[in-house]
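One structure is given here, and the rest of the page talks about it.
The values are calculated or read from the model by the stated rules, or taken from the named source; none is laboratory data. A quick note: this is a predicted structure, and the numbers were derived from the prediction, not measured. Using ideal geometry, Cβ is built from the backbone for each residue, glycine included, and neighbour counts are taken over all protein chains shown. These accessible areas exclude ligands, DNA and RNA; they are computed on the full protein's heavy atoms, side chains included. Shrake-Rupley method; radii C 1.70, N 1.55, O 1.52, S 1.80 Å.
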Amino acid sequence: MFCRYEEILNSKDLFNNERVRNIHNTDAYSYNCAGYALGTFSWYHPFDENAYDSLFSDSNTLENITQQTVSYMLKDFEGRLRLISSLEELEKNEYAIAYRVSSDGDFHFMRKARTRWHHKRGSTLTILTESEDNVLNSIWCDRYDGPIVLMAMRRK
């Protein structure tokens with residue numbers, strides 16, 4: 001089975017709770033950085049799309065945007081996603097996710113494998129790798145400059 005965007009939208013399992021979709025059987029145009037990192041292998045936005053304009057308004061701070069979007073994600077992935085303050089808090093059945101927003105109204109996710117971090121930019125086909133130092137100590141992709149949030153995602 002090779003999943004495409006239309007099939008995912010019509011799926012009863014948008015968050016891939018059954019873990020059917022993966023990098024090998026899902027068209028790379030069908031998921032964004034969040035879909036890759038969170039394992040949904042679908043397009044995921046960490047906010048209610050109807051609230052985008054108010055969320056990313058000039059009067060809202062990056063810290064507040066980050067807090068609101070993280071709260072949204074924790075509800076969507078209740079029981080599977082949790083906040084952590086360091087990578088040492090990861091349990092055996094979890095992998096790390098790093099998340100941050102940008103000043104220009106976008107967001108980005110990365111996920112950690114054993115020794116390297118990986119991420120996918122929007123609808124690109126390529127999975128990129130980053131060193132831990134780049135992920136934890138620099139601006140991502142020359143634009144993601146909000147607070148870095150570390151989370152643990154439970155594997156199935």
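Confirm whether Trp140 is without any contact (Cβ under 8 Å) to a residue 40 or more places away in the chain, of a type in the set (A, V, I, L, M, F, W, C) and open to solvent by less than 40 Å² (accessible area, probe 1.4 Å). The answer is no for Trp140. The residue list Ala51, Ala34 contains one member that is part of a helix (DSSP H, G or I) and touching a Pro at 6+ places or on another chain (Cβ under 7 Å), which is Ala34. Taking every residue in the stretch 105-125 that is among the small types (Gly, Ala, Ser) and pairing it with any residue that is open to solvent by less than 40 Å² (accessible area, probe 1.4 Å), at least 6 positions away or on another chain, the pairs with Cβ-Cβ distances below 6 Å are Gly105/Phe56; Gly122/Asn32. Tallying residues that are within 17 Å of the chain's Cα centre (by Cα), open to solvent by 70 Å² or more (accessible area, probe 1.4 Å) and more than 29 Å from Glu49 (Cβ to Cβ) within the stretch 86-128 yields 1. Each residue in the stretch 20-31 was checked for being open to solvent by less than 10 Å² (accessible area, probe 1.4 Å) and in a helix (DSSP H, G or I), and 1 of them qualify.
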